[in-house]
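Take a look at the structure below.
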Amino acid sequence: SSGINAEYGDSTIMLLSLVLFLTSSLLAAGDDLISDPNPCEGTPSAKKHYDYFTFAQQWYPNVCESNRDCKKLSINKWTIHGLWPDSKDSQPAFCTPQNFAVPGKIKDEMAKYWPSFYNDYKNTDFWKYEYCKHGACCTDQLPTIYDYFNKALNFNKNQYNLDRALKSAGIGPSSTEPYNFALLDKAVKDRFRVTAGYQCRSVGGKQLVAEIQLRINKHLSHIEDFEDQKENRIPFEWDSNAFVSCDKRRPFYLLPSSSQEEPGNSVRDEVEPGTSGQEEPETSGRDEL
């Protein structure tokens, strides 16, 4: 009897030690680093190969103008749509089955720079979809979930910051002043030394640049010219929530958010509260997923 009690006592101690270890590991990795109870879901693509990344950034007022599916948000910066392993003939998707977890150390930054715009689509739903469809296909370059999201955050804030690029060229939010694509091309070329891809919506006869895409090499070390831009044309008599390739023969608008004053012909010189207007340091640290 005493031997049995000792055995159970040892088992209890071992179990408690395991629980404490797992709890401390989760806390060290981040308070929100909890696996989604539902694993990644999606049909894997036939091809897993990719040659480069497409980095897509969105302008909320243009995406959500007259779009009833959108949340009412005050966003006045280019935010992240996604970082997608890509190739000219196909885009890999849902490559490896796994559970999704939110990297707790950068969750607040993700909410700020990678928000969901849409009703009934929480930030965590958006992040899970982007990682499961795209991030799980580039683990050779970005091995962990943290690596994937942190790399995109630093691209948006620092290396490929569109807010600075457009401001330097005099392109600012306005509901009345249109711009031509020659100016936008020059802004991108001057800042990044490459060409970009543009996705637009048509609302009330205005062409709205909803998304700007940059092409980054497979090793994520430099960007390349954005080639093979499809020449889809928007039927301007129709309003559409869909993104199509912009018609560069027509002017475009960059609408202000509800929190922005109409700047007229000038670009605001303000910077976000708590920032200096300089590039932000890269996020450091690593979550163990």
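Looking across region 91-123, the residues that are open to solvent by less than 60 Å² (accessible area, probe 1.4 Å), part of a loop (DSSP other than H, G, I, E, B) and under 19 Å from K72 (Cβ atoms) come down to W114, P115, S116, F117. The one condition from (1) surrounded by 21 or more Cβ atoms within 10 Å (Cβ to Cβ); (2) not polar (S, T, N, Q); (3) not in a strand (DSSP E or B) that L208 does not meet is (3). In region 186-211, which residues are at positive phi and either of a type in the set (A, V, I, L, M, F, W, C) or out of contact with any Ser or Thr (no Cβ under 8 Å at 6 or more places or on another chain) (or both)? Those that are at positive phi and either of a type in the set (A, V, I, L, M, F, W, C) or out of contact with any Ser or Thr (no Cβ under 8 Å at 6 or more places or on another chain) (or both): R193, G205.
For every residue, the table says whether it meets (1) surrounded by 18 or more Cβ atoms within 10 Å (Cβ to Cβ); (2) under 20 Å from Y131 (Cβ atoms).
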{"site": "P39", "(1), (2)": "no, yes"}
{"site": "T43", "(1), (2)": "no, yes"}
{"site": "K47", "(1), (2)": "no, yes"}
{"site": "F55", "(1), (2)": "yes, yes"}
{"site": "Q58", "(1), (2)": "yes, yes"}
{"site": "V63", "(1), (2)": "yes, no"}
{"site": "R68", "(1), (2)": "no, no"}
{"site": "K71", "(1), (2)": "no, no"}
{"site": "I75", "(1), (2)": "yes, no"}
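Here E282 passes the criteria (1) at pLDDT 50 or above; (2) within 21 Å of the chain's Cα centre (by Cα) except the one numbered (1). Could you list all residues from region 119-162 that are among the aliphatic types (A, V, I, L, M) and farther than 15 Å from C40 by Cα? Those that are among the aliphatic types (A, V, I, L, M) and farther than 15 Å from C40 by Cα: L142, A152, L153, L162. Filtered by the rule that a residue be of a type in the set (A, V, I, L, M), at pLDDT 90 or above and in a loop (DSSP other than H, G, I, E, B), region 25-71 gives a lone residue, A46.
Residues of region 143-160 being buried (at least 20 other Cβ atoms within 10 Å of the Cβ) and either among the hydrophobic types (A, V, I, L, M, F, W, C) or within 17 Å of N76 (Cα to Cα) (or both), which ones? Residues satisfying the conditions are I145, F149, A152, L153, F155, N156, K157, Y160.
The values are calculated or read from the model by the stated rules, or taken from the named source; none is laboratory data. Remember, it's a predicted structure, so these values are computed and weren't measured experimentally. No Cβ is skipped: glycine too gets one built from the backbone with ideal geometry, and neighbour counts run over all protein chains shown. Surface areas here come from the heavy atoms of the whole protein model, side chains and all, with no ligands, DNA or RNA. Shrake-Rupley method; radii C 1.70, N 1.55, O 1.52, S 1.80 Å.
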